[in-house]
Amino acid sequence: MPEETLIRDSGISFRSILFGSATERPAEQLAAPDFFVDLNLDQIVASITARKDEYNLSPFFYMPLRELDDITFRQEIMRDLENARLADDIKAFAQKMRAVREHLTKAEKFYYKLQKQRWFLDAVSIYCDAVTSLAHDLCAANLTARGLLGFTDFIVRYAGSERFISLCGQTNKLAAELAAVNYTVLIDGLRVQVRRYDGQPDYSAEVEATFEKFQHGAVKEYVFKFSDPEQMNHVEAQIITLVSQLYPGTFSTLENYCTANKDFQDNTVIIFDREIQFYIAYLEYLARFKSAGLSFCYPRVVRHCKQVYSYESFDLALARKLEAANSTTVCNDFQLSGKERMLVVSGPNQGGKTTFSRTFGQLHYLASLGCPVPGTGAQLFLFDRLFTHFEREEDIKNLRGKLQDDLIRIHQIFEQATPNSIVIMNEIFTSTTLQDAVLLSKKIAAKLLELDALSVWVTFVEEIASLSQQTVSMVSTVVPENPALRTYKIIRRAADGLAYAMAIAEKHHLTYAMIKERTNS
């Protein structure tokens, strides 16, 4: 919608299709959270919002919900919109609203006043049809979501309001009057006369009728097709100006109509048109993965219980890349119960450990938006803050070494984290000696466990996995017959890095016994 076009509120109460319990819509977050890049959520949001730039949906994905009921509110709407018929009706409404915006934008750019007014009239006509059709479609739908039921009540009352009915009536009447305007154009050299149509014969029809008897079979088309630009040229403008003088009453009504209805759009309708695209865009994004056989579920989100689990989950960003390459996405499970708070992920390099940690973060964040998440079933925690610490390139500008930078970033996390936070650490302390890495990792893990926050720690320091009853060891696996090949499955079992080293050594005949046997022979 162009900035010059005003909108107003009908006075019929309805707040938002996104923020259920809010007394008013919260201020939009214009910047992505700090952890977005680490978890590849920036890639996911970019893919979801692609080709929907006009709605500016990204800020909605930067605003996790803080109330369980708000999450349920959105899940209900997502479920209703999985009905293909309802989704198509919403998309048809959105297409009409897009046409309204396009007409208004073009009307602002046109030079000639009468052309501006006609395009404005058409914009209002499309808007009236969009609202009327949406009210009908929503009433016919089998809705269960509180948000959609609330909006249906609004749109029905708005469509039945005196103001809207009057707007539709004026629009239809004026459009009919303009359609009834007939005139003739007489061209004599450079002289053009415009007159009222008074039953003069249509010579083009007479010419066609005369030559029709000479037509035998299919004939070659010689009609010259002129370009039809939307902007009128000066000759057309002069002609339509003369026509307006022939029908002064109709064109005076058009001018008064445009002035009186410049703020014809209702604010709530405009907000709905934008906010509903959050759901449509997300469900359209998931459709591509569902068609490939991947599953999604509506997670149970909890606040006072830290027992979390997910079955057959996967990294959405990686799945998109694999889908484009026609590769298979590997799914994984996780579970924390009782006193367990930390998943410690170890195993061979390039085995899917970092992907697993991203999956854990993605699931919790997407659940906090009220969205379906990858997997066949899940129970996830409603966090207050989410922190990530992933390995970064050394920054020569801050004059700090990599180890010092790691420690400073970890200190900043502990300054802000609470027992209700989620912390994800990936391969820290790789720049120091193993002895120092073990010492530092144990101290930080102990502090994190003392905080009682849920966490995932990808590490080569396997001692952390058995630090206490709060830690759970997860290991990335390899193909038993060929340990050099990764399965990308992360399973719950005790860490044993030596097993991989021995398996690889045996595969390549490099065990101590094999080497000694060859050297002695």
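Bear in mind that the values in this text are calculations on the coordinates, not laboratory data. In this text the structure is predicted, and so the values were computed from the model without any measurement. When we count neighbours, we look across all protein chains shown, and the Cβ atoms used for this are built from the backbone with ideal geometry, even at glycine.
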### Query
Relative to the present Cα-Cα distance, how much length would full extension add between residue 485 and residue 190 at 0.36 nm per residue of separation?
97.9 nm
### Query
Which whole-number percentage describes the relative contact order of region 292-520, with Cα contacts under 8 Å and a sequence gap of 6 or more?
26
### Task
Evaluate the distance, in nm, between pseudo-label points positioned 7 Å from the Cα of residue 412 and of residue 142 along their respective Cα→Cβ axes.
5.2
### Query
For region 292-520, what percent of Cα pairs sit more than 30 Å apart?
29
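Would you mind checking 402/447; 106/321; 91/306 for any pair whose Cα atoms are more than 32 angstrom apart?
Working: 402/447 21 Å; 106/321 39 Å; 91/306 39 Å.
Too far apart for the 32 Å limit: 106/321; 91/306.
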### Query
For residue 52, which aspartates and glutamates qualify as cross-link partners when the Cα separation must be under 14 Å and same-chain residues fewer than eight apart are set aside?
273, 275, 284
### Task
Take the Cβ-Cβ distance between residue 183 and residue 376 as r, set R0 to 56 Å, and report the resulting FRET efficiency rounded to the nearest 0.05.
0.25
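Any number yet on Rg/Rh for the chain, C-alpha, Kirkwood?
Rounded to two decimals, Rg over Rh is 1.16.
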### Message
Can you show me the helix-derived [θ] at 222 nm for the chain, built from DSSP H runs with n ≥ 4 at -39,500 (n - 2.57) apiece and divided by the number of residues, rounded to the nearest 500.
### Response
-15500 deg cm²/dmol
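What does the C-alpha gyration tensor say about the overall shape of region 28-90? Classify as rounded when a/c is under 1.5, otherwise prolate if a/b is larger than b/c, or oblate. It would help to have the intermediate numbers written out before the result.
On the way: a/c = 2.16, a/b = 1.36, b/c = 1.59.
In terms of gyration-tensor shape, oblate.
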### Task
Please work out the C-alpha center-to-center distance from region 152-189 to region 294-360 and express it in whole Å.
56
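Kindly rank 340-349, 37-46, 461-470 from highest to lowest mean number of other beta carbons found within 10 Å of each residue. Each step should come with its number before you reach the end.
Details: 340-349: 22.0, 37-46: 19.2, 461-470: 17.4.
Those peptides, ordered most packed to least, come out 340-349, 37-46, 461-470.
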### Query
Computed FRET efficiency, Cβ-Cβ of residue 165 and residue 230, R0 30 Å: what is it to the nearest 0.05?
0.45
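Estimate the FRET efficiency between residue 82 and residue 267 by the formula 1/(1 + (r/R0)^6), using the beta-carbon distance for r and 30 Å for R0, to the nearest 0.05. Mind showing how you got there, number by number?
Numbers: r = 28 Å, r/R0 = 0.95.
Once the sixth-power term is evaluated, E becomes 0.60.
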### Query
³J(HN,Hα) across region 464-479 via Karplus (A = 6.51, B = -1.76, C = 1.60, θ = phi - 60°), whole Hz, x for Gly/Pro?
5, 4, 10, 5, 6, 5, 7, 9, 10, 7, 10, 10, 7, 9, 10, 6
### Query
So, in Å, what gap is there between the alpha-carbon centers of region 438-488 and region 25-85?
31
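Which semi-axes, in whole Å and largest first, does the equivalent ellipsoid of region 247-345 have when worked out from the alpha carbon gyration tensor as the square roots of 5 times its eigenvalues? The partial results should precede the final answer.
Numbers: eigenvalues 541, 90, 15 Å².
Result for region 247-345: semi-axes of 52, 21, 9 Å.
Mean Kyte-Doolittle of at least 0.0 plus a Cα span of 24 Å or more along the axis: flag which DSSP H helices in the chain meet both, please.
Working: long enough: 84-109 (37 Å, -0.72); 113-140 (41 Å, 0.20); 162-179 (25 Å, 0.13); 267-290 (35 Å, 0.28); 434-451 (25 Å, 0.77).
The answer, listed by residue number, is 113-140, 162-179, 267-290, 434-451.
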